Amino acid sequence: MAYATTEDGHRIYVRPTDPRAIGLIANRGRIIRGSLELWRVALGLHGWATVIDIGVNYGEMLVGVDIPEGVELIGFEPNTALHKVLHKTLEARGISIDLRSQAVADKAGTARFAVDRTWSGTSSLYDERHDGSARWQFREVEVTTLDEVLGVSGRAFCVKVDVEGFEREVVDGAAKALANTSHWALMLEIEHMDRGYLAELARTYDVFVKEKETTSLRRVPGERIAVEELLDDSTLHRQDCVVLSPSLS
C-alpha cells in the first residue's frame, strides 16, 4: 500500500492512482504548510471538547497535529473510496475517529456529490462547475448540518472546513451552535471564497488570517475593498481564515 511519510515519521496511506496522493508523497504528507500551521493555532486556542474535520481526504490535517486525549473527534468524508486508507492511517497514528460519509451544508437531506477522479481534494457537492466529463463521478450522499451534529450542548468545538466553495452553506448550517456556544473556532478555506462574502462574514463574526512566519493573527476587515487590500499582503497565509467566538478573539 502506498503512503507518504511526514516530517515526524508518520505514515499517510493513499491511493496511488490519485494525483493528490502523489503530491502528498512528494511533499512529506502535506500540500500547503500554512494550512496545517493555522489548524495547529486553532486547536491550541482552547481545551476543546469536540474537534471536527469536514473534508478529511487522506487525514493529513489530523495526522499532522496532536489531538488531545478525551476529545470527541468527528470526520466527514463523502468520498468513501478514501475510507479504507484513511482508517489505516489514523489507526497507525493512534487516532480514534467517528468517520462519517455525509456531506455538511446548510440543511439536512440528500444531495448530489461529485468525486473528482483527477484530484480527490476538489471533490464537493454538485454545482455548475461540474460538467459531464469523465473527470467527475456522481453519487447521492446524505447531508447534515453542524447544528444537527453539535446540538445545543454548549460543548466547546473546533472545526476545519474544506468543502471547495460550500463554506457559506456550512456556516449557515451552524448558526444555532455558534449562537449557543461560548467557545468555538471555524477554520475555513478562503482561497476561492468570494471577497464580498468574506467581508460579510467579518462583519458578523471575528475573522482572522495568520502571518506566514509567526503564529500571530491579523483581523479581517468588514469591507470588501479592505479585504482585497489585506489579502494582497504576501506576508500572510491567504489560503484559509479562522473565525472565532467573541470569548477567544
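The values are calculated or read from the model by the stated rules, or taken from the named source; none is laboratory data. This one's a predicted model, so the numbers in the text were calculated from it and none came from an experiment. Counting neighbours? That spans all protein chains shown, and the Cβs are built from the backbone with ideal geometry, glycine included.
Out of curiosity, is residue 117 surrounded by 15 or more Cβ atoms within 10 Å (Cβ to Cβ), more than 18 Å from the chain's Cα centre (by Cα) and charged (D, E, K, R)? Quick ask: steps written out before the conclusion?
Working: surrounded by 15 or more Cβ atoms within 10 Å (Cβ to Cβ): yes; more than 18 Å from the chain's Cα centre (by Cα): yes; charged (D, E, K, R): yes.
The answer is yes for residue 117.
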Residue 5 is checked against (1) touching a residue at least 24 places away in the same chain (Cβ under 8 Å); (2) closer than 30 Å to residue 134 by Cβ; (3) exposed (fewer than 15 other Cβ atoms within 10 Å of the Cβ); (4) among the hydroxyl-bearing types (Ser, Thr, Tyr) and fails just one. What number does that condition carry? (2)
Would it be correct to say that residue 143 is of a type outside the set (Gly, Ala, Ser), within 18 Å of residue 39 (Cα to Cα), in contact with a strand residue (DSSP E or B) (Cβ under 7 Å, 6 or more places away or on another chain) and not in a helix (DSSP H, G or I)? no
Pull out all pairs, ordered by first then second residue, where Cβ-Cβ is under 8 Å, the residues are six or more apart or on different chains, the first lies in the stretch 198-221 and is under 17 Å from residue 184 (Cβ atoms) and of a type in the set (Val, Ile, Thr), and the second is part of a loop (DSSP other than H, G, I, E, B) and at pLDDT 95 or above. 207/220
Just to be sure before I move on: is residue 40 of a type in the set (Lys, Arg) and within 29 Å of residue 214 (Cβ to Cβ) in the structure I sent? yes
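If a residue counts only when it is under 22 Å from residue 146 (Cα atoms), which strands (runs of 3 or more DSSP E) contained entirely in the stretch 162-249 have at least 1 such residues?
Values: elements: 184-189, 206-210, 217-219, 240-244.
Once the strands (runs of 3 or more DSSP E) in the stretch 162-249 are filtered for at least 1 residues that are under 22 Å from residue 146 (Cα atoms), what remains is 184-189, 206-210, 240-244.
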Scan the stretch 122-137 for residues that are under 21 Å from residue 170 (Cβ atoms) and surrounded by fewer than 19 Cβ atoms within 10 Å (Cβ to Cβ) and report the count. 6
Considering the stretch 17-64 alone, what residues qualify as being free of Cβ contacts under 8 Å to residues at least 12 places away in the same chain and among the basic types (Lys, Arg)? 33
Among the numbered criteria (1) outside any loop (DSSP other than H, G, I, E, B); (2) at pLDDT 95 or above; (3) surrounded by fewer than 21 Cβ atoms within 10 Å (Cβ to Cβ); (4) under 20 Å from the mean Cα position of the chain (by Cα), which single criterion is violated by residue 90? (3)
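For residue 15, are the conditions met, namely being farther than 13 Å from residue 160 by Cα, among the basic types (Lys, Arg) and either at pLDDT 95 or above or surrounded by fewer than 17 Cβ atoms within 10 Å (Cβ to Cβ) (or both)?
Details: farther than 13 Å from residue 160 by Cα: yes; among the basic types (Lys, Arg): yes; either at pLDDT 95 or above or surrounded by fewer than 17 Cβ atoms within 10 Å (Cβ to Cβ) (or both): yes.
When the stated conditions are applied, residue 15 passes them.
Quick grid of which residues meet (1) within 14 Å of the chain's Cα centre (by Cα); (2) within 28 Å of residue 147 (Cβ to Cβ); (3) not in a loop (DSSP other than H, G, I, E, B):
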position	(1), (2), (3)
15	no, no, no
38	yes, yes, yes
53	yes, yes, yes
67	no, yes, no
74	yes, yes, yes
78	yes, yes, no
85	no, no, yes
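Do we have residue 29 as modelled with pLDDT under 95, crowded, with 23+ Cβ neighbours inside 10 Å and not hydroxyl-bearing (Ser, Thr, Tyr) here? Please lay out each step first, then the result.
On the way: modelled with pLDDT under 95: yes; crowded, with 23+ Cβ neighbours inside 10 Å: yes; not hydroxyl-bearing (Ser, Thr, Tyr): yes.
Here the answer is yes, as residue 29 does meet what is asked.
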Within the stretch 149-199, can you find the residues that are modelled with pLDDT under 95 and of a type in the set (Val, Ile, Thr)? 152
